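Here the structure comes first, spelled out in structure tokens, and everything after it is commentary.
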Amino acid sequence: MAPNVRGTQTATLRRSMLRVVVQIALVTCAIIAGALGAGVGLDRTLGTRPWLTVGMLVGSIPVTIVALYFLAMSFARSQQAGRPRNLDTREEDRVDGFK
């Protein structure tokens with residue numbers, strides 16, 4: 001009996017996607033928690049309550065976006081590495097209308 005290759009690939013992709021979703025959640029939480037902790041600590045030390053906390057939380061937004069971009073690109077590269085590349089593009093060129 002032949003193994004269900006398509007089902008195995010689907011399950012592997014789902015596990016990979018779940019792993020990425022968990023990484024995104026953990027990275028987002030870590031950045032926000034770090035910004036919040038640093039902001040509160042600096043506000044206590046410098047007596048600037050709540051301005052540094054707010055500033056750190058707002059500043060964590062672009063940091064989170066950049067981190068998520070790199071996670072997404074890493075996932076995309078890993079998915080591309082698992083697929084065989086078609087070096088003969090003549091068939092694809094005919095479909096696109098190029099010759």
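Six or more apart or on different chains, Cβ under 9 Å: which pairs go from a residue in the range 31-53 that's of a type in the set (S, T, N, Q) to one that's surrounded by fewer than 16 Cβ atoms within 10 Å (Cβ to Cβ)? Could you list them?
Close Cβ pairs satisfying both conditions: THR53/LEU36; THR53/VAL40.
Going by the conditions given, is THR64 among the β-branched types (Val, Ile, Thr) and at pLDDT 95 or above? Break it down stepwise before answering.
Details: among the β-branched types (Val, Ile, Thr): yes; at pLDDT 95 or above: yes.
So THR64 passes the test.
Can you tell me which residue within the range 1-41, out of those that are in a helix (DSSP H, G or I) and among the polar types (S, T, N, Q), is farthest from ILE65 (Cα to Cα)? Give the derivation first.
Initially, the range 1-41 is screened for residues in a helix (DSSP H, G or I), giving 5-41.
Applying the additional criterion that residues be among the polar types (S, T, N, Q) yields 8-10, 12, 16, 23, 28.
Values: THR8: 32, GLN9: 29, THR10: 28, THR12: 26, SER16: 20, GLN23: 13, THR28: 9 Å.
So the residue we want is THR8.
Working only within the range 42-54, note down all residues that are assigned to a helix (DSSP H, G or I) and surrounded by fewer than 16 Cβ atoms within 10 Å (Cβ to Cβ).
Residues of the range 42-54 that are assigned to a helix (DSSP H, G or I), as a first pass: 42-46, 51-54.
Those that are assigned to a helix (DSSP H, G or I) and surrounded by fewer than 16 Cβ atoms within 10 Å (Cβ to Cβ): ARG44, THR45, LEU46, TRP51, VAL54.
The values are calculated or read from the model by the stated rules, or taken from the named source; none is laboratory data. On a predicted model such as this, the values are computed, not experimentally measured, just so you know. Counting neighbours? That spans all protein chains shown, and the Cβs are built from the backbone with ideal geometry, glycine included.
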